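*Asks:* Take a look at this one; I'll ask things after.
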Amino acid sequence: MTQGRFDRLFIGGEWVTPLDGGVRGSIDPSTGQPWTDVAYGGVADIDRAVAAAGAAFEGPWRRMPGWERAALLRRFADLYAAHVEELAQVESRDNGRAIRESRLDVGMHAQYYHWFASLADKLDGRTIPMDASVHAFTSRVPAGVVGTITPWNVPLMAAAWKLGPALAAGCTVVLKPAEQTPASSLALARLFEEAGFPPGVVNVVPGDGPTAGAHLVAHPDVDKIAFTGEGATAKTILKTGADTLKRFSFELGGKAPHIIFADADVDQALNAATGSAWTLCGQSCALGSRVLVERPVYDRVVEEFRRRAARVRVGMPLDPATHMGPQAHAEQLAKTLRYIDIGRDEGAELVTGGGRVDNDGLRDGYFVQPTAFAGVRADMRIAQEEIFGPVAALIPFDGEEEAIAIANGTPYGLTAGLWTGDVGRAHRVAARIEAGMVWVNTYRYIRWSTPYGGMKASGWGRENGIEALDSYLETKTTVISTTGTFPDPYLQ
Ligand code: NAI
Ligand code: MG
């Protein structure tokens, strides 16, 4: 495939034209115009990709020792590191993320692949004492063909978090990126090809959720679905996949509390809280979209949100000076604006922002002002529902108990942050927060080695860390007789 073109699917090691999908323009959200042609697969293309992944699993991949899989993954990781700038540019074109953020994010991904490569030859089991007449042991075997369905906010990161452990575990993969941002996943496919992965181990088929995505989920030859996206989609996926009883792992977003106690270093907390509210234009599941502030410092925090919002440079994604690009697509823009209206109607006080950006040159893109609401009550919809836009809800509280009650008072439980100068309080509060990841006096500190995932409605299973491998492996127990004898049960 020619460098920089995305008009083919990557199936079975070949660049192929869609059978029943088509080629359409992918929209640049900073202009609202298509910027490149992309191949979208349909049901027949998913069938081809699943067949290729199945053949690769039963063929070379299953027989390859872990250290060889590791070597391939390392080669791929090195190629990835050498292509960070290109990958970051493609990602920013497709989803509008400010290039300074994309470079930082994409710049880390090679380490995810390296780290999982280092586990690929360490999938050992246990020897289990039973009694002298048998020898029992466990081995860990790959789940099989994995369908990975990724979102538009962080396509390359979501791919790294799934493909790293899946390939290390010995699974083969069909990657279906989100229809709004497919290009970077096809760029990724080029690197898997160049690294020399056997054909069919990684297949990349952009496609629409309800057709290509649903077919991947329903496919009887797909053993597991690894999904990141909306909770409502996960429920549909569960129903669609129910007949095949495949495995599922879900990362489903959040409404993270970012708790600032009055005894905290409030300046540091503000750096994290404002950054976290507006990073990625608010389109990340980990962001602290609810800022819980202890009453004595509440007015100061509100004022600082107003002051710092004025410093946020909203602009074209590829401009290195830009802090915040547009929303990734028109539907998300509409959703964010709808929630800003809901906040106003609910009686929250608009501190800053509150609308589209109307500057010359940005008018046609999906740009939204960095926004914050004060006087937010914990039961308001803007404090309960995932907006996925640059909209912070600043909620006052009195004391630890109320902070914990508000923090835990949503259906979500993905991440949480808390700021305090009291180490005892840090432990007390962190222990009681219902979230898969809690940060104390820091925020959004995420690495390949630390398990990440949701409690409650935020998901099933963990990505990253050694735990991530579990969801791509089956534990198999083998019991072998040391005598070879078995009594006849009907003799007496
Ligand atoms: P979505 O959950 O519909 O899309 C995510 C992925 O699922 C895409 O690849 C899509 O093609 C696929 N998909 C959609 N319907 C499917 C189906 N029936 N079967 C199989 N795959 C399917 O999310 P959407 O609609 O793009 O965004 C809506 C909201 O979801 C956002 O506003 C945000 O609140 C949340 N979201 C959360 C994310 C997270 O990081 N946890 C990522 C993306 C969205
Ligand atoms: Mg959807």
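The values are calculated or read from the model by the stated rules, or taken from the named source; none is laboratory data. These numbers come from a predicted model, not from an experiment. Using ideal geometry, Cβ is built from the backbone for each residue, glycine included, and neighbour counts are taken over all protein chains shown.
*Asks:* Can you tell me which of (1) exposed (fewer than 14 other Cβ atoms within 10 Å of the Cβ); (2) under 25 Å from Asp379 (Cβ atoms); (3) of a type in the set (A, V, I, L, M, F, W, C) is the one Val301 doesn't meet?
*Replies:* If we test Val301 against (1) exposed (fewer than 14 other Cβ atoms within 10 Å of the Cβ); (2) under 25 Å from Asp379 (Cβ atoms); (3) of a type in the set (A, V, I, L, M, F, W, C), just (1) comes out false.
*Asks:* Continuing with the same structure: So Asp131 passes all but one of these: (1) away from ligand 1 (no atom under 16 Å from the Cβ); (2) at pLDDT 95 or above. Which condition number does it fail?
*Replies:* (2)
*Asks:* Can I ask one more? Hey, among Arg100, Arg140, which residue is in the same structural domain as Ala189 (by TED's automatic domain parsing) and either crowded, with 24+ Cβ neighbours inside 10 Å or over 30 Å from Ser481 (Cα atoms) (or both)? Spell out how you get there, then give the answer.
*Replies:* On the way: Arg140 fails: either crowded, with 24+ Cβ neighbours inside 10 Å or over 30 Å from Ser481 (Cα atoms) (or both).
Of the residues listed, the single one that is in the same structural domain as Ala189 (by TED's automatic domain parsing) and either crowded, with 24+ Cβ neighbours inside 10 Å or over 30 Å from Ser481 (Cα atoms) (or both) is Arg100.
*Asks:* Could you say whether any residue in region 152-163 is over 15 Å from Asn464 (Cα atoms) and either out of contact with any Leu (no Cβ under 8 Å at 6 or more places or on another chain) or surrounded by fewer than 24 Cβ atoms within 10 Å (Cβ to Cβ) (or both)? Can you show your working first?
*Replies:* Taking region 152-163 as the starting set, the residues that turn out to be over 15 Å from Asn464 (Cα atoms) are 152-155.
Now drop any that are not either out of contact with any Leu (no Cβ under 8 Å at 6 or more places or on another chain) or surrounded by fewer than 24 Cβ atoms within 10 Å (Cβ to Cβ) (or both), which leaves 152, 155.
Scanning region 152-163, I find at least one residue that is over 15 Å from Asn464 (Cα atoms) and either out of contact with any Leu (no Cβ under 8 Å at 6 or more places or on another chain) or surrounded by fewer than 24 Cβ atoms within 10 Å (Cβ to Cβ) (or both), so the answer is yes.
*Asks:* Still on this structure, please answer the following. Within region 174-182, identify whether any single residue is touching a residue at least 40 places away in the same chain (Cβ under 8 Å), of a type in the set (A, V, I, L, M, F, W, C) and part of a helix (DSSP H, G or I), and answer yes or no.
*Replies:* Scanning region 174-182, I find no residue that is touching a residue at least 40 places away in the same chain (Cβ under 8 Å), of a type in the set (A, V, I, L, M, F, W, C) and part of a helix (DSSP H, G or I), so the answer is no.
*Asks:* A further question follows. Looking only at region 183-212, filter to residues that are among the hydroxyl-bearing types (Ser, Thr, Tyr) and in contact (Cβ under 8 Å) with a residue 40 or more places away in the chain; which one of those is farthest from ligand 1 (Cβ to nearest atom)?
*Replies:* As a first pass, look at region 183-212 and keep what is among the hydroxyl-bearing types (Ser, Thr, Tyr): 184-185, 211.
Those still in the list that are in contact (Cβ under 8 Å) with a residue 40 or more places away in the chain too: 184, 211.
Values: Ser184: 13, Thr211: 9 Å.
Going through the qualifying residues, I end up with Ser184.
*Asks:* So, one more: Test Pro411 against the stated conditions and say whether it is in a strand (DSSP E or B) and closer than 29 Å to Gly353 by Cα.
*Replies:* Details: in a strand (DSSP E or B): no; closer than 29 Å to Gly353 by Cα: yes.
So Pro411 fails the test.
This table checks each residue for (1) part of a loop (DSSP other than H, G, I, E, B); (2) without any contact (Cβ under 8 Å) to a residue 12 or more places away in the chain; (3) surrounded by fewer than 21 Cβ atoms within 10 Å (Cβ to Cβ).
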position: Leu350; (1), (2), (3): no, no, yes
position: Gly354; (1), (2), (3): yes, no, yes
position: Asp360; (1), (2), (3): yes, yes, yes
position: Tyr366; (1), (2), (3): yes, no, no
position: Ala392; (1), (2), (3): no, no, no
position: Glu400; (1), (2), (3): no, no, yes
position: His427; (1), (2), (3): no, yes, yes
position: Ala430; (1), (2), (3): no, no, yes
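*Asks:* Sort out which residues of region 235-254 are surrounded by fewer than 18 Cβ atoms within 10 Å (Cβ to Cβ), among the hydrophobic types (A, V, I, L, M, F, W, C) and part of a helix (DSSP H, G or I), and write them in order of number.
*Replies:* Passing the criteria: Leu238, Ala242.
*Asks:* Could you please give the count of residues in region 274-303 that are assigned to a helix (DSSP H, G or I), touching a residue at least 60 places away in the same chain (Cβ under 8 Å) and under 21 Å from Glu401 (Cα atoms)?
*Replies:* Qualifying residue count, region 274-303: 3.
*Asks:* Quick check on region 213-231: of everything there that is part of a helix (DSSP H, G or I) and more than 7 Å from ligand 1 (Cβ to nearest atom), which residue is surrounded by the fewest Cβ atoms within 10 Å (Cβ to Cβ)? Spell out the reasoning first.
*Replies:* Restricting attention to region 213-231, the residues satisfying the condition of being part of a helix (DSSP H, G or I) are 213-218, 231.
From what is left, the residues that are more than 7 Å from ligand 1 (Cβ to nearest atom) are 215, 218, 231.
Values: His215: 22, Ala218: 20, Gly231: 17.
Going through the qualifying residues, I end up with Gly231.
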